[in-house]
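The values are calculated or read from the model by the stated rules, or taken from the named source; none is laboratory data. Quick caveat, the model's predicted, so the values are computed rather than measured. Cβ: placed from backbone, ideal geometry, glycine included. Neighbour counts: every protein chain shown.
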Amino acid sequence: MGNRKRVAERRKTRPAVLGGVIAAVLAGAGGAAVYALYDGGTPAGDATRAAAAEKKAKTGPLTAAEVSTAARAFLTAWQQGRVADAAAATDDAKAAEALLTGVVKDARIEDLTLVPGTPAGNKVPFSVKATVAYEDTGKPLAYDSALTVVRRAGDGEPRVDWHASVVHPALADGDRLVTGEAGTPPVKALDRDGGEITAAKYPSLGTVLDGLREKYGKTAGGTAGVELRVVRGKESKEKKLSDKTLLELREGTPGTVRTTLDPALQAAAEEQVAKRARASVVALRASTGEILAVANSGHGFNTAFQGSLAPGSTMKVVTSSLLIEKGLASVDKKHPCPKYFSYGGWKFQNDDEFEIKGGTFRASFARSCNTAFISQAPKLKNDDLTKQAQQVFGLSMNNWSVGVPTFDGSVPVQSAAPMAASLIGQGGVRMNPLNMASVAATVKTGTFHQPYLVSPSVDGRRLATASRTMSAATLAQLRELMSYTAASGTAAQAMSGLGGDAGAKTGSAEVDGQEKPNGWFTAYRGDLAAAGVVQAGGHGGDTAGPIVAELLRQGG
């Protein structure tokens, strides 16, 4: 009863306001300016808006004062529980009011204190402290967030650019915060050796743990507790994002799920991606598809499993298998590699506009000659690459059952120039490190083994299969191409010193509006296959290459 009474009394109080005002230090032009968020402060009302509408819309960069005033209006109103006023201080009042109302009614968040930080341009960071109260239980909640001020369309007035992430950085637009009895019990995830997997130990695995709970929580033998959690909306579900626990008010009893992760390789993967921004890597056992490690330097989204990025020249592994099967290329036969090749109205070129005169397909693959592949587009059908990716490599069918959400690659049927671009991993082709590690594994073993994180024996699920394998002759040539590239081509520096039965392919994927390309690398050594990407990093051999090679070294 004592706890219940204290929580009830707390609910009757108004949100905390220090000394009647909330002091905030916000940076202004030429130094720091001190502002006070006073009780009763509101954004512009209807009359003010009407008057402003008669004036010419404001344009130009926002001033420091405009940023500070807009941020102050929003944060003051939100802290004081004036939801409509807080929503009016944004550029999407309807969406803002719906989510902010839910923070109180559904998330049971109260006693809110918001402390703004120093702005960086139009962005204002702020800290959040509050209490989450449910029945006779209350727990403190603290986190950091940020808002951005923009000019509102139409009148140019400064307003908070509304996104759900303003309320909490774990929220995507359309998501909600809910406190209550969790519908899904927690899980205790184990590595292949029986050690417990936690996000504290392996920061990259937070989203993986969320996915494991969503998939196995109801069948792993646990009981649900009471939690504040992110409940995903339609857009997030389409992206296969899992619900996420933010605060546990009453512990549930976790069930147990064993994974295929190797603790030593996982630790190495975490260490490697931490060296570069926006890096992701996956390592798996080629002969079985067991996922041994997955890591991302950014922990909010699992790019390694769910990314959808143009794979650049690493896709040439798949394309080469197609060209060899069709008799359009052979390792030691002459093959064109001009500076330029035009097809479908597009003019394609090689990196630094190089050419190989009188060279073989081996030389073109090892140096990653774009035009060597584009030049074969006139001899191919629009669906040839799509069929090759699906039938031989098990990609682009959206049927992998890994144990957590994944994106299984996409190789759409295209025509003309986009079809030609797809041959070099551009156009509409989209992959992630999991997909490309699987490609390397298929070359190593000769057969597609769908990657998995939880053994299918746990729940009796069926893994995806490919409808056919490459001929022995094609497979032998493909292995020779990747082996030569690892020893003497664009992958040689990264793979130096590894030795053994190894093969690799580098890639660089151009992205509109991005100064440097995404760097890709896929490789195998022994029974280990791995792939990585460093977004906006530059050439794959210099960026993703060392990450992948180190895992192959440690896993060997």
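Below, the figures for the structure above:
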| read-out | value |
| --- | --- |
| Of all residues in region 343-391 being of a type in the set (A, V, I, L, M, F, W, C) and assigned to a strand (DSSP E or B), the one that is surrounded by the fewest Cβ atoms within 10 Å (Cβ to Cβ) | Trp346 |
| Selection within region 53-88 - in a loop (DSSP other than H, G, I, E, B), more than 16 Å from Ala153 (Cβ to Cβ) and of a type in the set (Val, Ile, Thr) | Thr63 |
| Residue that is nearest to the chain's Cα centre (by Cα) [pool: residues in region 291-309 that are surrounded by fewer than 24 Cβ atoms within 10 Å (Cβ to Cβ) and not hydroxyl-bearing (Ser, Thr, Tyr)] | Phe301 |
| Hits in region 123-176 (condition: in the same structural domain as Thr63 (by TED's automatic domain parsing) and among the basic types (Lys, Arg)) | Lys123, Lys129, Lys139, Arg151, Arg152, Arg159 |
| Whichever residue in region 101-110 is closer than 19 Å to Ala77 by Cβ and surrounded by 19 or more Cβ atoms within 10 Å (Cβ to Cβ) and, among such residues, is farthest from the chain's Cα centre (by Cα) | Glu110 |
| Pair list, Cβ < 6 Å and 6+ apart or interchain, from region 483-500 residues that are in contact (Cβ under 8 Å) with a residue 12 or more places away in the chain and farther than 12 Å from Pro546 by Cα to residues that are among the basic types (Lys, Arg) and surrounded by fewer than 24 Cβ atoms within 10 Å (Cβ to Cβ) | Tyr484/Arg362 |
| Region 123-146, residues that are surrounded by fewer than 18 Cβ atoms within 10 Å (Cβ to Cβ) and more than 31 Å from the chain's Cα centre (by Cα) | Glu135, Asp136, Thr137 |
| Condition met for Asp175 (modelled with pLDDT of 95 or more, surrounded by fewer than 21 Cβ atoms within 10 Å (Cβ to Cβ) and of a type in the set (Asp, Glu)) | no |
| All positions within region 516-550 that are among the basic types (Lys, Arg) and under 20 Å from the mean Cα position of the chain (by Cα) | Lys516 |
| Selection within region 481-536 - surrounded by fewer than 24 Cβ atoms within 10 Å (Cβ to Cβ) and of a type in the set (A, V, I, L, M) | Ala487, Ala492, Leu498, Ala502, Val511, Ala536 |
| Scope region 89-107; condition in a helix (DSSP H, G or I) and more than 16 Å from Val160 (Cβ to Cβ); matching residues | Thr101, Gly102, Val104, Lys105 |
| Residue pairs meeting the criteria (Cβ under 9 Å; at least 6 apart or on separate chains; first without any contact (Cβ under 8 Å) to a residue 24 or more places away in the chain and more than 17 Å from Val443 (Cα to Cα), in region 384-401; second outside any helix (DSSP H, G or I) and among the polar types (S, T, N, Q)) | Ser396/Ser410; Asn398/Ser410 |
| Breaking point among (1) at negative phi; (2) in contact (Cβ under 8 Å) with a residue 40 or more places away in the chain, for Gly194 | (1) |
| Counted residues, region 333-354 - those being in contact with a strand residue (DSSP E or B) (Cβ under 8 Å, 6 or more places away or on another chain) and under 22 Å from Leu478 (Cα atoms) | 5 |
| Any hit, region 403-412, residues being within 19 Å of Leu463 (Cβ to Cβ) and among the small types (Gly, Ala, Ser) | yes |
| Some residue of region 448-463 being over 29 Å from Leu209 (Cβ atoms), touching a Phe, Trp or Tyr at 6+ places or on another chain (Cβ under 8 Å) and of a type outside the set (Gly, Ala, Ser) | no |
| Only listed residue being touching a helix residue (DSSP H, G or I) at 6+ places or on another chain (Cβ under 7 Å), among the acidic types (Asp, Glu) and touching a residue at least 40 places away in the same chain (Cβ under 8 Å), chosen from Asp173, Asp161 | Asp173 |
| Entirely in region 131-209, the strands (runs of 3 or more DSSP E) that have 3 or more residues that are out of contact with any Ser or Thr (no Cβ under 8 Å at 6 or more places or on another chain) | 137-151, 176-181 |
| Where a residue in region 510-534 is under 14 Å from Ala283 (Cα atoms) and its partner, wherever it lies, is of a type in the set (Asp, Glu), with Cβ under 9 Å and at least six apart | Tyr524/Asp501; Arg525/Asp501; Gly526/Asp501 |
| Flag if Ala52 is among the aliphatic types (A, V, I, L, M), surrounded by 14 or more Cβ atoms within 10 Å (Cβ to Cβ) and modelled with pLDDT of 95 or more | no |
| Subset of region 264-287 (residues that are surrounded by fewer than 20 Cβ atoms within 10 Å (Cβ to Cβ) and farther than 11 Å from Ala529 by Cα) | Ala264, Ala267, Glu271, Ala274, Lys275, Arg276, Ala277, Arg278 |
| Of all residues making up region 135-151, the number that are of a type outside the set (Ser, Thr, Tyr) and modelled with pLDDT under 95 | 3 |
